[in-house]
Ligand SMILES: Nc1ncnc2c1ncn2[C@@H]1O[C@H](COP(=O)(O)OP(=O)(O)OP(=O)(O)O)[C@@H](O)[C@H]1O
Ligand SMILES: [Mg+2]
C-alpha cells in the first residue's frame, strides 16, 4: 500500500500526471472517496500528461467520457455515482470497455462485482482540520500493480 499526502488540488493533479506514463491499454483504476475529495482532479492531472486536461468533465449526467490520448490509446472516464444497482454497469456495456483502453472509474466500489480481476484502487480522504489536505492511499489486488505503484511513487 502506498500512502501519499496532498495539500492542494495541483498536488493531487501532479500525482495523477505522474502515473500517466505507466498506464497501458487494459489497465483499470478505481477512484473512491467522498464527494469533492478530488477524484476528478486526479483524472484531470492524468489527462494533462497527454495534453487533454481541458477535456475533463465531472460526468454527472454522462456516465462515460471517452478520450483519445494517442493514436492507439484511449481512456474511458466513468462516474457511476448515480447508479442505484450494480447491474446498470452491465446495461450500459461498461465491462466491454476494460480491454479497449485505460479505464478510470469514479465510485467504482459501487460496481465491485463487475470490476476486472486486477485493478488499482485509489482512495482519497479529506482531512477534517484542513480543507485543502487529502490523504491518498493506493492499493491493488495484483503483484503487477503493486510493483508499478512503488515504481511510480516511491
Ligand atoms: N488537495 C486537494 N486535492 C484535490 N482537490 C482539492 C484539494 N484541496 C482542495 N480541493 C478542491 O476539492 C474539489 C475536488 O473536486 P473533484 O471534482 O475533483 O472531487 P470528486 O472526488 O471528483 O467529487 P465527486 O464525487 O463529486 O465527483 C475541487 O474543488 C478542488 O479544488
Ligand atoms: Mg468527480
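Laboratory data are not the source of any read-out in this text; all were calculated from the coordinates shown. Because the structure is a prediction, the values reported are computed rather than measured. Counting neighbours? That spans all protein chains shown, and the Cβs are built from the backbone with ideal geometry, glycine included.
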> Which percent, nearest 5, of DSSP beta bridges in the chain are antiparallel?
Replying inline: 55 percent
> Most fluctuating residue of 99, 72, 127 in a GNM of the chain with Cα springs under 10 Å: which is it?
Replying inline: 72
> Fully extended, how many nm does the chain gain between residue 9 and residue 142 (0.36 nm per residue separation, minus their Cα-Cα distance)?
Replying inline: 45.0 nm
> If you build a Gaussian network model of the chain, linking Cα atoms that sit under 10 Å apart, which residue out of 69, 23, 90 swings the most?
Replying inline: 90
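What percent does the relative contact order of the range 2-153 come to when contacts are Cα pairs within less than 8 Å and at least six residues apart?
On the way: 293 pairs, mean separation 48.7, N = 152.
Here the relative contact order equals 32 percent.
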>> Which of 29, 64 has the fewest other C-beta atoms within 10 Å, and how do the rest follow up to the most?
In response: 64, 29
>> On a full-extension model of 0.36 nm per residue, what is the gain between residue 2 and residue 74, subtracting their alpha-carbon distance, rounded to one decimal in nm?
In response: 23.3 nm
>> Which one, 20, 37, 91, has the greatest fluctuation when you compute a Gaussian network model over the chain with C-alpha springs under 10 angstrom?
In response: 91
> Once every DSSP H run of n ≥ 4 in the chain is given -39500 (n - 2.57) and the sum is divided by its residues, what mean residue ellipticity at 222 nm do you get, rounded to the nearest 500 deg cm²/dmol?
Replying inline: -6500 deg cm²/dmol
> Give me the Kirkwood hydrodynamic radius of the chain in Å, from all C-alpha pairs, to one decimal place?
Replying inline: 15.5 Å
>> Would you report the distance distribution of C-alpha pairs in the range 113-154 as whole percents per 10 angstrom bin, up to the bin with the largest distance?
In response: 25, 40, 26, 9
